[in-house]
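Below is one structure; the comments refer to it alone.
The values are calculated or read from the model by the stated rules, or taken from the named source; none is laboratory data. Please read these numbers as outputs of a predicted model, since none were measured by experiment. Quick reminder, even Gly has a Cβ in these numbers, built from the backbone with ideal geometry, and neighbours come from all protein chains shown. Quick note on the areas: whole protein, heavy atoms, side chains included, nothing else; ligands and nucleic acids left out. Shrake-Rupley method; radii C 1.70, N 1.55, O 1.52, S 1.80 Å.
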Amino acid sequence: MALAEHVADPRRDRRPSGLGAAPARVSALAAVRTAVRDFLATVAVPGEVCVAVSGGADSLALAEATAYVLRHRDVRTRALVVDHGLQADSAAVASEAATVVKGLGVDAVEVHAVHVVGKGGPEAAARAARYHALREALPNGEGLVLLGHTQDDQAETVLLGLGRGSGPRSLAGMRPHDPPWGRPLLGITRAQTVAACTELGLEPWQDPHNADPRFTRVRLRTEALPLLEDVLSGGVAPALARTAAQLREDTEALDTLAARVHERAVREDDLDVAVLAAEPAALRRRVLRRWLLDSGVRELTDAHLRSVDALVARWRGQGGVWLPGNLEARRRRGRLSLAGPEPTTRGE
């Protein structure tokens, strides 16, 4: 299966639209490059920027734009291709993706094979394996890895969070910059990345998993979002992306306020109940969430958080709250503390 019929030289001069180039295609490629340029202007750019590449339209357009923008800044671009091994020809697909992206002007290309295992279904397991491989490719786990998530991906993320009742943090969607991850294309549509690849003469790889209705995201993409577009007369994806951006700003503001409360409430490893009780629930639960996560609680759910919050807001002398990791949150002498099970005395 050919990933590309031919690869245009990204270093050649682009013809202006008046000389025969298709304006729509030029604008799509220009939009992707501008999005990358604008994003990189907002972050500290290291001497080398990595780009995650799958061989699909989003990642190929991102890789070309990153190489194009950084070539003028004398910064290296390294493409990271992850082979999930989920299909019989995955190694060949990864190798061809590496060949194609090398022709787009990046300085180096690497293929990383991963073993997809773990809970949460194949989607979650593949995502975890991919992110782990990308982080491992960074020196000391630090640097910048650009991901090809688009406005459409953001809309799907918001809908998933809404359907699962995950709260404002989930509805805020993916952050443009969440070190070491960077997502320059959250304002770019999937159609624009496809058009950009067409201008470059690329035929992106079509992942068969992206058409498999067994996966929730595929059904959102092919059934739910088109239905919403029809019912609401279009504009759903950008509207959801705007909602995510607004919620993200609100969430960041509340997190900043909660950090100040956290500083006042911390007493060694415990929290002062009186300080927490004086705060609104939105701030109080953010402080509790940070405290629990920092203390080693994993797989924290909203039910866990609300139960711990009840030790502050609805205190009636109740017992502690058991949390993942065999930990217990307790209220004693005006403080919240977190500990493992107390040892029993022989003979009791």
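Only Lys, Arg, Asp and Glu count, each charged at its Cβ (+1, +1, -1, -1), so figure out the dipole size of the chain about its Cα centre, rounded to 20 debye.
1100 debye
If r is the Cβ-Cβ distance from residue 278 to residue 233 and R0 is 35 Å, what FRET efficiency results, to the nearest 0.05?
0.15
Give or take rounding to whole Å, what are the principal axis extents of the alpha carbon atoms in the chain, in descending order?
The Cα atoms of the chain stretch 83, 46, 42 Å along the principal axes, largest first.
Starting from the Cα-Cα distance between residue 298 and residue 162, subtract it from 0.36 nm times their residue separation and give me the gain in nm to one decimal.
Separation in residues times 0.36 nm, less the Cα-Cα distance, equals 46.7 nm.
Spin-label point model (7 Å from Cα, Cβ direction): what's the residue 330 to residue 242 distance in nm?
5.2 nm
How big is the gap, in Å, between the Cα center of region 154-170 and the Cα center of region 106-132?
Each part's Cα centre sits 23 Å from the other's.
Output the 0 to 90 degree angle, nearest 10, between the alpha-carbon long axis of helix 302-313 and the longest principal axis computed from the alpha carbons of the chain.
40 degrees
Sorted from largest to smallest, which semi-axis lengths in Å does the alpha carbon gyration tensor of region 74-215 give for its equivalent ellipsoid, taking the root of 5 times each eigenvalue?
Over the Cα atoms of region 74-215, the ellipsoid semi-axes are 24, 19, 18 Å.
Considering only DSSP beta bridges with both partners in the chain, what is the antiparallel share in %, to the nearest 5?
Around 45 percent antiparallel, to the nearest 5.
Quote the charge dipole size of region 256-335 about the Cα centre in Debye, to the nearest 20; the model charges only the Cβ of Lys and Arg (+1) and of Asp and Glu (-1).
280 debye
Using R₀ = 30 Å, calculate the FRET efficiency as 1/(1 + (r/R₀)^6) where r is the Cβ-Cβ separation of residue 92 and residue 135; round to 0.05.
Taking R0 as 30 Å, the efficiency between residue 92 and residue 135 is 0.70.
When 1/r is averaged over all different Cα pairs and the result inverted, which Kirkwood radius in Å belongs to region 42-94?
Evaluated over region 42-94, this radius sits at 12.2 Å.
Between residue 177 and residue 268, what is the FRET efficiency for a Förster distance of 45 Å, r being their Cβ-Cβ separation, to the nearest 0.05?
0.85
Please give the length that would be gained between residue 249 and residue 210 if that part of the chain were fully extended, namely 0.36 nm times their separation in residues minus their C-alpha to C-alpha distance (nm, one decimal).
11.0 nm
Roughly what would the spin-label model give for residue 73 and residue 316, points 7 Å off Cα along C-beta, in nm?
Rounded to a tenth, the inter-label distance reads 5.8 nm.
At a 1.4 Å probe radius, carbon and sulfur cover how many percent of the accessible area of the chain?
Carbon with sulfur: 51 percent of the solvent-accessible area.
Per residue, how much accessible surface does the chain expose to a 1.4 Å probe? Answer in Å², no decimals.
52 Å²
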